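**Student:** My questions will all concern the structure given below.
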Amino acid sequence: MKEKIITIAVEGASQGQWSNLLLELNIMKKAWRSYGVNMNLKAPGVKNIIAWGNRIGEYSRPTRQASKRLQQNKRSRT
């Protein structure tokens, strides 16, 4: 079968919208693979965006340690 090429020109999209578009296309690529369709995505930063977008629970912010405050009844009375 002959290779088919689609060109999508995106203007005015924010970085978040661009990332979401690439991630959605990657989901389509994965879903269609089982039907014998092989898709290639070529875009600036596509590898990093897909690598970051496919992570599940791997990143968690470091928690701040609770400050050690004295409770009201444990303060020394002078």
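The values are calculated or read from the model by the stated rules, or taken from the named source; none is laboratory data. Values in this document were obtained by computation on a predicted structure and should not be read as measured data. Ideal geometry is used to build each Cβ from the backbone, glycine not excepted, and the neighbour counts take in all protein chains shown.
**Student:** Could we say that LEU21 is modelled with pLDDT under 90 and either part of a loop (DSSP other than H, G, I, E, B) or surrounded by 10 or more Cβ atoms within 10 Å (Cβ to Cβ) (or both) here?
**Tutor:** Answer is no for this residue.
**Student:** Among the residues that make up region 63-73, is at least one of them assigned to a helix (DSSP H, G or I), small (Gly, Ala, Ser) and modelled with pLDDT under 95? Explain how you work it out, then say what you get.
**Tutor:** So in region 63-73, the residues assigned to a helix (DSSP H, G or I) come out as 72-73.
With small (Gly, Ala, Ser) added as a condition, the list becomes none.
No, region 63-73 has no match at all.
**Student:** Now, a different point. Taking GLY12 as the residue in question, decide whether it is at pLDDT 95 or above and assigned to a loop (DSSP other than H, G, I, E, B).
**Tutor:** It is true that GLY12 is at pLDDT 95 or above and assigned to a loop (DSSP other than H, G, I, E, B).
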